[in-house]
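Below: the structure, in structure tokens.
The values are calculated or read from the model by the stated rules, or taken from the named source; none is laboratory data. Note that the structure is predicted; figures quoted are calculated from it, not measured. When we count neighbours, we look across all protein chains shown, and the Cβ atoms used for this are built from the backbone with ideal geometry, even at glycine.
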Amino acid sequence: MTILVDEPRWHWRDVVWSHVVSDHSVDELHRFARSVGLRYLSFQSDHYDLPAPLFPAAIEAGATLVDSRVLIRRLRETGLRRRVGHRANTWSVIASGGVGEVSGRLESGRTRVLHGVVDNHGPVVDATLLERPGDLVALLDLADHRRRLAGNHAHESGTGGLVEAIDPRGHTIEVIWHTAQAPIALR
């Protein structure tokens, strides 16, 4: 079981990026990503995109630095390499604004999860709902930026929402629903 990372050298949107993978399991990769403050939105089917400022944290947390070709070879050898088109990894904004605008686009079970998060963590000043095949994510920006959420944590809710407080500043929450590969049915 090894977490592998390549050197930050991929330029996109004025940031230099590297890649983080697990040669054991995607679950191990998600746990590692949360531990270094990566958002789920950085997950790209078989790896996370890691911005250069978080690279030292990844190494400190135990990631092994390897050449990009070694990283890909290890993914292939373990059967964890998933080749998907760029479109499959692209997030589309479905709704943005307040919690009402976002929850109005969700079915009732997911709306309850969303409102439960708001009840537990306080008022939200901005909310965005994004989707891509297989995933639906609500980003909630808390009103009280002075109140830092307690660390990187995740828990499963009964309706399939995975709630994560993983913004490095500690005031953005991701609510994640893994869905079927078919387009997501929104009301």
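Details
- Verdict on Ser108 being modelled with pLDDT of 80 or more and among the small types (Gly, Ala, Ser): no
- When residues of segment 5-28 are limited to those that are of a type in the set (A, V, I, L, M, F, W, C) and surrounded by fewer than 22 Cβ atoms within 10 Å (Cβ to Cβ), the one farthest from Ala63 (Cα to Cα): Trp12
- Condition check for Thr159: surrounded by fewer than 18 Cβ atoms within 10 Å (Cβ to Cβ) and either among the aromatic types (Phe, Trp, Tyr) or modelled with pLDDT under 80 (or both): yes
- Qualifying positions in segment 53-67 - loosely packed, with under 15 Cβ neighbours inside 10 Å and either in the same structural domain as Glu174 (by TED's automatic domain parsing) or part of a helix (DSSP H, G or I) (or both): Pro53, Pro56, Ile59, Glu60
- In the set (1) in contact (Cβ under 8 Å) with a residue 24 or more places away in the chain; (2) of a type outside the set (Ser, Thr, Tyr); (3) outside any loop (DSSP other than H, G, I, E, B), the condition left unmet by Arg81 is number (3).
- Test: residue in segment 35-49 that is at pLDDT below 80, β-branched (Val, Ile, Thr) and not in a strand (DSSP E or B): no
- Residue that is nearest to Val124 (Cα to Cα), among those in segment 88-113 that are surrounded by 14 or more Cβ atoms within 10 Å (Cβ to Cβ) and of a type in the set (S, T, N, Q): Ser103
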